[in-house]
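This report refers to the structure that appears directly beneath it.
The values are calculated or read from the model by the stated rules, or taken from the named source; none is laboratory data. Quantities reported herein were computed from a predicted structural model and do not represent experimental measurements. Don't worry about glycine lacking a Cβ; one is built from the backbone with ideal geometry, like all the others, and counts go over all protein chains shown. Heads up: the accessible areas ignore ligands, DNA and RNA and are worked out on the full protein's heavy atoms, side chains in. Shrake-Rupley method; radii C 1.70, N 1.55, O 1.52, S 1.80 Å.
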Amino acid sequence: MCGIVAYIGPKQAYPIVLEGLKRLEYRGYDSAGISLINGGLKTIKKKGKVLELELAAKEVDISGTVGLGHTRWATHGEPNDMNAHPHNSGNGRLSLVHNGIIENYATLKKALEELGHEFISDTDTEVLVHLIEEYQKRDDLPLEEAVRKALEKAIGAYAIVVVDKDDPSKLVGARKSSPLVLGIGDDECFLASDASPIIKYTNKVIYLNDEEIVTLKRNGEYSIKTIDNKVQNPEIKELDLKLEELEKGGYEHFMLKEIYQQSQTIWESMRGRINANDGWVVVGGMSEYIPRLVNAKRIVIAACGTSWHAGLIAEYLFEELARIPTEVEYASEFRYRNPIIYNDDVIVALSQSGETADTLAALEMAKKKGALLYGIVNVVGSSIARLTHCGSYTHAGPEIGVASTKAFTSQLVVLTLMALDLGHRRGTISEGYFRQLLSALESIPKKVEKVLQLNDQIRFIAGEIKNAQNALYLGRGYNFPVALEGALKLKEISYIHAEGYPAAEMKHGPIALIDMYMPVVVIATNRSAYEKIVSNVQEVKARKGIVIAVVTEGDTVIKEMADFIIEIPETEEPLTPLLSSIPLQLLAYHIAVMRGCDVDQPRNLAKSVTVE
Ligand code: G6P
């Protein structure tokens, strides 16, 4: 959470930093700020979105060729102008932006106050800028050395950028557990939380590693050292990212664009990894570790949010197709409960961003215990991609809407391919069924196109239930996690309270909530346990609930009973989530739009949760 961007070079910094902040706004949007150096230090900070900052900046001089900016998701201190970043030193020389949490800020603050420093915000971040100031003043150190000394004292997570108005020839950045990318132009340099603010200017980047400090010079030169003062020469990477991928491309919202992209992105996730005609699956990331993966005694999936729901579906896939015992863990719980991890376990981390703090920490813990780490990640070069021993990219392209859609279905594709590959090698799936699933998987993108054609019908249903205060989502088997995901989509973007439940569990509690005002979304595409779902629908109808049923084309029984029906193409049962999740994304989207909600940037949320 929180996005940071900085520029040093011959151009005016303000438009570059401002545009960068707009691209990073998905990381947090409760306040934003910019500092510019132009003889003096000018800092503009505003509560609210980057647009508020832009309006405030119209009133002031925004010239300067060195600048840094921040868009915030509050941890310490409420979102207001004062707590917004950048934070400046007491002597007015330094300005700093920070993404992360300084855990020992209270101790540092007390010590600094005793030395006469005065704090004006409620943030943890402010201690860093005072600490750097203290080292700079006390030992007369150059900025990068003062930063290094200060960071030696800081416990926690940080990506920071600092500028000194008395030395405008440089910018200093550093990272630990929060991402920071260096962009290298001809005679200019950039720093940002991800590559999106940089790609317009250069495709040459370096992903900084933990505990590295970078000094950027005005002429495009840079130097990198570790916090213990060792010079680093990391490889420069070329970005494979196009600017259009970061635009809405004619859609009203990024979320809608990303829902619609799924016929393509699902294909991208399997491209080159599957051939149904010749009957093979190759998941490149697995190749170096085949014996360990095939002989794994257990797979443990660690993830958060929507990625955790993909993990739940993978539990069904790995156990059914590859017969490997699988557990799915909330990364935040897993890391703190002293779990038993054997060195023949495989830990699969699922993450769109590749930066989620709890998932990263869970992996670090499992790595120490000797497990093999496999990352399934969307963002290339992200921290999880680099920490894991092996893994696969999902190739869904940048996902900007805060509510995850296309990243989820792409994760499902990769997980299905892995389960198929493992099952085939372990002999736990017959050749016939293996080939049947391969061709069913290859035909999913076309079927997704058909599901997307239901958009108008789903919009109509959305209009009928948009004023509900609660909603229930029910599913069985592979569609139980889909119910959880459907409910999550609705609550995160429309603010309607929604719960997902295994359909049969409804009788053990949620049924008490059902009345004539309660929409109940039943995902009933299953062939197995179909009659049981029919009974569940009857139980809902008997209590006058409003049933919205997602069924397979040609369904007759549930169609008769439901108030609204969404018919999707038939596929093999393990693949149904790839289709059944999409109408639920559209339903949540239209309800949120009709309720006037900010679909791409829902309140209190952020896309990349880089704090615990
Ligand atoms: C946040 C996002 C979710 C996402 C979750 C996990 O809560 O709003 O959309 O599912 O983080 O993120 P990850 O990047 O690890 O998949």
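Collect the residues in segment 575-612 that are on the phi > 0 side of the Ramachandran plot and at pLDDT below 95, keeping them in residue-number order.
Filtering segment 575-612 for residues on the phi > 0 side of the Ramachandran plot gives 596, 604.
Across segment 575-612, the qualifying residue is only ASN604.
Conditions (1) farther than 30 Å from GLU612 by Cα; (2) hydrophobic (A, V, I, L, M, F, W, C); (3) touching an Asp or Glu at 6+ places or on another chain (Cβ under 9 Å); (4) more than 16 Å from the ligand (Cβ to nearest atom), marked per residue:
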| site | (1), (2), (3), (4) |
| --- | --- |
| LEU246 | no, yes, no, yes |
| HIS253 | no, no, yes, no |
| ILE301 | no, yes, yes, no |
| GLU327 | no, no, yes, yes |
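Within segment 203-212, which residues are open to solvent by 10 Å² or more (accessible area, probe 1.4 Å) and part of a strand (DSSP E or B)? Spell out the reasoning first.
Step one: list which residues in segment 203-212 are open to solvent by 10 Å² or more (accessible area, probe 1.4 Å), which gives 203-204, 207, 209-211.
Listed by number, the residues that qualify are LYS204, TYR207.
So which of THR416, THR409, THR359 is within 11 Å of the ligand (Cβ to nearest atom), open to solvent by less than 10 Å² (accessible area, probe 1.4 Å), hydroxyl-bearing (Ser, Thr, Tyr) and not in a loop (DSSP other than H, G, I, E, B)? So that I can check it myself, show each step before the final result.
On the way: THR416 fails: within 11 Å of the ligand (Cβ to nearest atom); THR409 fails: within 11 Å of the ligand (Cβ to nearest atom).
Exactly one of THR416, THR409, THR359 is within 11 Å of the ligand (Cβ to nearest atom), open to solvent by less than 10 Å² (accessible area, probe 1.4 Å), hydroxyl-bearing (Ser, Thr, Tyr) and not in a loop (DSSP other than H, G, I, E, B), namely THR359.
Which of the residues spanning segment 117-134 are open to solvent by less than 10 Å² (accessible area, probe 1.4 Å) and either at pLDDT below 95 or among the polar types (S, T, N, Q) (or both)?
SER121, THR123, ASP124, THR125
Please verify whether segment 386-400 includes one or more residues that are near the ligand (Cβ under 10 Å from one of its atoms) and not in a loop (DSSP other than H, G, I, E, B).
Among the residues of segment 386-400, not one is near the ligand (Cβ under 10 Å from one of its atoms) and not in a loop (DSSP other than H, G, I, E, B), which makes the answer no.
Do you know which residues across segment 225-281 are farther than 23 Å from LYS489 by Cα, open to solvent by less than 80 Å² (accessible area, probe 1.4 Å), touching a residue at least 40 places away in the same chain (Cβ under 8 Å) and assigned to a loop (DSSP other than H, G, I, E, B)?
Across segment 225-281, the qualifying residues are ILE227, ASN229, ILE236, LEU239, LEU241, ARG273, ALA276, GLY279.
Show me the helices (runs of 4 or more DSSP H) found entirely inside segment 73-157 where at least 1 residues are acidic (Asp, Glu) and within 28 Å of the chain's Cα centre (by Cα).
Values: elements: 105-114, 126-139, 143-153.
Ranges flagged: 126-139.
I'd like to verify a number: residues in segment 51-96 that are free of Cβ contacts under 8 Å to residues at least 24 places away in the same chain and among the hydrophobic types (A, V, I, L, M, F, W, C), how many?
As a first pass, look at segment 51-96 and keep what is free of Cβ contacts under 8 Å to residues at least 24 places away in the same chain: 51-52, 55-56, 58-61.
Adding the requirement that they be among the hydrophobic types (A, V, I, L, M, F, W, C) leaves 51, 55-56, 60.
Residues flagged as free of Cβ contacts under 8 Å to residues at least 24 places away in the same chain and among the hydrophobic types (A, V, I, L, M, F, W, C) within segment 51-96 amount to 4.
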